[in-house]
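Only one structure is covered here, and it is reproduced in the block below.
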Amino acid sequence: MGDSPDTTQSSGAGAGGDRASGRARHVAIIMDGNGRWAKKRALPRALGHQRGVEAVRRLVRGLEPMELDCLTLYAFSSENWKRSETEVDDLMNLMRKFIKSDLREFIENDVQLNIIGDWRSLAPDIVAMLEDALAQTANGKRKLAVALNYGAQNEIARAAARAAENGEITPDSISANLDTAGLPPLDLLIRTSGEIRLSNFLLWQAAYAEMLFVDTLWPDFKPEHLERALDDFAQRERRYGGR
Ligand code: IPE
Ligand code: IPE
Ligand code: MG
């Protein structure tokens, strides 16, 4: 670390990597573009979401050689409830199907599932499935965090309220109460589909994360795209406000 600075945000902002970025430990992805992928092919949006799930599966299967400690995926935002009832239902059903079909593989591949966001207010059967999946993967070594019914402003407000209950509100006490508290500091945040915004994702954690916006629509995203992103990350110089 040498002259690597900021120790004030140990679990939040600046403690992520060395000055020369090197290996990323924690990458987060805003998986965007399912709808446009479908539209380009005159297919229903639901099919775009289905292909999006396949992209997730493909990526998780291809993760091992990348030696990440944690991959965080934005799957459903607290604002996504604004979509039509049919689309929300489709997304929830895909989630049910995905947990059922892929949990065994997670366990076999040493994946530890984490969930961030207000997921306990999802449908009771989904909450029960997720609780079971969390328990069954608790000993996994490689963290996969899924953001479900997630909104960063809500996460920060909840964290601040908990911090206040237990003492002082400080950057460290907020960090320690975020949903991501058990995850490594965020190194790299990727958004697919060409949109250049954060859409209420990891606002606190991204304080000193590197960002990468790619045009690829999420269903087309392959492990090679992540490998390329990690190479790009390794070339960056993180300065954390230092010289
Ligand atoms: C991302 O794809 C999936 C979710 C937000 C659940 P979109 O559905 O947002 O796709 P676009 O942005 O309409 O193309
Ligand atoms: C962000 O994408 C949420 C997820 C990828 C789950 P959106 O498609 O919801 O974001 P906006 O509406 O374009 O900002
Ligand atoms: Mg979108």
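The residues of the chain expose on average 49 square angstrom of accessible surface per residue, using a 1.4 Å probe on protein heavy atoms.
Counting Lys and Arg as +1 and Asp and Glu as -1, what is the net charge of the other residues whose Cβ lies under 13 Å from the Cβ of ASN80? Neighbour charge sum, excluding ASN80 itself: -4. Normalising the average separation of contacting C-alpha pairs (under 8 angstrom, six or more residues apart) by the number of residues puts the relative contact order of the range 125-243 at 21 percent.
Phi angles of the range 109-126 translate, via the Karplus equation with coefficients 6.51, -1.76, 1.60 and θ = phi - 60°, into HN-Hα couplings of 9, 6, 8, 9, 6, 10, 10, 10, x, 8, 6, 6, 9, 6, 4, x, 5, 5 Hz per residue; Gly and Pro are given as x. The share of alpha-carbon pairs in the chain lying farther apart than 30 Å comes to 24%. Between the helical axis of 223-235 and the longest alpha-carbon principal axis of the chain there is an angle of about 20 degrees.
Note on the range 35-139: Cα Rg divided by 2.2 N^0.38 Å, N the number of residues, gives 1.12. Count Lys and Arg as plus one, Asp and Glu as minus one, and take only other residues whose Cβ is under 14 Å from that of ALA157; the net charge is then -2. Where a ≥ b ≥ c are the square roots of the eigenvalues of the C-alpha gyration tensor, would you call the range 67-109 rounded, which needs a/c under 1.5, or, failing that, prolate if a/b is larger than b/c, or oblate? Oblate is the answer for the range 67-109, as a/c is 1.5 or above yet b/c matches or exceeds a/b.
Over the chain, Cα pairs under 8 Å with separation of 6+ residues give a relative contact order of 35 percent. Taking amide H atoms as placed 1.01 Å from N in the peptide plane, the amide H of ILE116 lies under 5 Å from those of VAL146, ALA147, LEU148, each 5 or more residues away in sequence or on another chain. Phi angles of the range 208-218 translate, via the Karplus equation with coefficients 6.51, -1.76, 1.60 and θ = phi - 60°, into HN-Hα couplings of 10, 6, 7, 10, 9, 10, 10, 7, 3, 7, 3 Hz per residue; Gly and Pro are given as x.
The HN-Hα couplings worked out from phi for the range 35-40 by the Karplus form 6.51 cos²θ - 1.76 cosθ + 1.60 (θ = phi - 60°) are x, 5, 4, 5, 4, 4 Hz, whole numbers, x standing for Gly and Pro.
Taking the 1.4 Å solvent-accessible surface of the range 147-243 as the whole, the part contributed by carbon and sulfur is 48%. Taking amide hydrogens as placed 1.01 Å from N in the peptide plane, the amide H of ARG191 sits under 5 Å from those of ILE30, LEU212, PHE213, VAL214, each at least 5 positions away in sequence or on another chain. Basic side chains Lys and Arg get +1 at the Cβ, acidic Asp and Glu get -1 at the Cβ, and with that the dipole of the chain about its Cα centre reaches some 640 debye.
In the chain, the DSSP-assigned H stretches of four residues or longer account for a calculated mean residue ellipticity at 222 nm of -12500 deg cm²/dmol, using -39500 (n - 2.57) per stretch and the full residue count as denominator.
Between ALA234, THR137, ALA157, the Cα set farthest toward the positive side of the dipole of the chain (charges on each charged residue's Cβ, about the Cα centre) is that of ALA234. Could you work out how far helix 152-166 tilts from the main Cα principal axis of the chain, as a 0 to 90 degree angle to the nearest 10? The angle comes out near 50 degrees. Expressed as an acute angle from 0 to 90° and rounded to the nearest 10, what is the orientation of the C-alpha long axis of helix 85-108 relative to the principal long axis of the chain? Taking the Cα atoms of the chain, the angle to 85-108 is about 70 degrees.
The values are calculated or read from the model by the stated rules, or taken from the named source; none is laboratory data. Worth saying up front: this structure is predicted, and the values here are computed from it rather than measured. Counting neighbours? That spans all protein chains shown, and the Cβs are built from the backbone with ideal geometry, glycine included. For accessibility, only protein heavy atoms count, side chains too; no ligands or nucleic acids. Shrake-Rupley method; radii C 1.70, N 1.55, O 1.52, S 1.80 Å.
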